[in-house]
Every structure is written in structure tokens, then in C-alpha cells.
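Participant: Sharing a structure here in C-alpha cells format.
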Amino acid sequence: MHPAEPAARFEEKLVMPGRSAALAIGAFVVGLGASAAGAAVADYQGAWVLSGHDCQDVYASAGKKASFKKPLDMFAPAFIISGNRLTTPAATCRIRSVRPGGDRELLHLDCANAVAANDVRVLLAASPPDGLKRYYGEHDPTGVDYRRCAR
């Protein structure tokens, strides 16, 4: 088994509809943040939502900083990247490192939620004009599309 395989399985649970609350909470342990990531993460700053979902259903519109609506939807397929942090409805992560890999970037994350902490690996790529793709693994040819929400 490849060392990244468990992380890939963990990530796969991030936005799978119909999963149990425990899996969703554990799955939404995705997040970003790290000084080593600096410029690499700059393109990913902002509030993101899975394509096909509405930003106004997930995010509050008040203030300069993006925030999740209350009451919090733990299953929302969305995240916020601010500085060196990635926040989901249930977790926060810090980017330990970012490594380029062809047209993708491998992010090594330290993530925590209310019940656990975990090392997570995420493959991302910019998807112009204002999107990104998250891949489930090195051999995933299509990825999952996210779009940036306006402030």
C-alpha cells in the first residue's frame, strides 16, 4: 500500500453525500495553513464551495471576512482559506508544506476538529477563471470542481 493511500481515502469522505455525521466531521478535517506554503497558497485565498452549490446557502454576507452561516451545516461542501489556514464547517488545518507536482500541488496539512487531529494530504490545482480542483489521488484524472465565492 502506498503511504498516501490512507490520506486519499480520508479525503474521499470529505464531500460524499449521505455519509454519517461521524464521517462528515472527520472528513471535514481538511484545511490549509503554513508559512512554507506562502506564495503557493496565495491563489487559493477566499471562500470556496463545491460547484453546483450556492455560496449564499453556506456563507454569511456580513463583514469583510468570510464566515459560515449559523446554524452551521456540518455537511456543507465548502471551506475558507485565509492566510495559512483552511477552515471547514467542522475543522481547521495548518499547512505544513506545499510541493509542486506537475499541474497540481500537494499540500501536507495538520488538521483538527472536536474529536481528533490528523495529518492530511490534499492535491489541488488552480482551474481558471476562478476555480480550483481537488483530486482524490495522483491518478485521479478529473478531480472535483470548487468555485470561489464573491465577498
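The values are calculated or read from the model by the stated rules, or taken from the named source; none is laboratory data. What you see is a predicted model; the values in this text were computed from it and never measured. All Cβ positions, even for glycine, are placed from backbone atoms using ideal geometry, and neighbour counts span all protein chains on display. The accessibility values were calculated without ligands, DNA or RNA, using every heavy atom of the protein model including side chains. Shrake-Rupley method; radii C 1.70, N 1.55, O 1.52, S 1.80 Å.
Participant: Given (1) surrounded by 19 or more Cβ atoms within 10 Å (Cβ to Cβ); (2) modelled with pLDDT of 90 or more; (3) aliphatic (A, V, I, L, M); (4) not in a loop (DSSP other than H, G, I, E, B), where does ALA125 come up short, assuming only one miss?
Facilitator: (1)
Participant: Here's another thing I want to ask about it. Return the residues of the range 95-122 that are loosely packed, with under 14 Cβ neighbours inside 10 Å and in contact with a Leu (Cβ under 6 Å, 6 or more places away or on another chain); say none if nothing qualifies.
Facilitator: ARG99
Participant: I'm checking my understanding of the structure. Among residues of the range 68-85 that are charged (D, E, K, R), free of Cβ contacts under 8 Å to residues at least 24 places away in the same chain and within 18 Å of ALA114 (Cβ to Cβ), which one is most open to solvent (accessible area, probe 1.4 Å)?
Facilitator: LYS70
Participant: Have a look at THR92, THR88 and point out the one that is in contact (Cβ under 8 Å) with a residue 12 or more places away in the chain, surrounded by 15 or more Cβ atoms within 10 Å (Cβ to Cβ) and closer than 17 Å to VAL49 by Cβ.
Facilitator: Testing whether each residue is in contact (Cβ under 8 Å) with a residue 12 or more places away in the chain, surrounded by 15 or more Cβ atoms within 10 Å (Cβ to Cβ) and closer than 17 Å to VAL49 by Cβ leaves just THR88.
Participant: For the range 87-104, how many residues are of a type outside the set (Val, Ile, Thr) and part of a loop (DSSP other than H, G, I, E, B)?
Facilitator: 4
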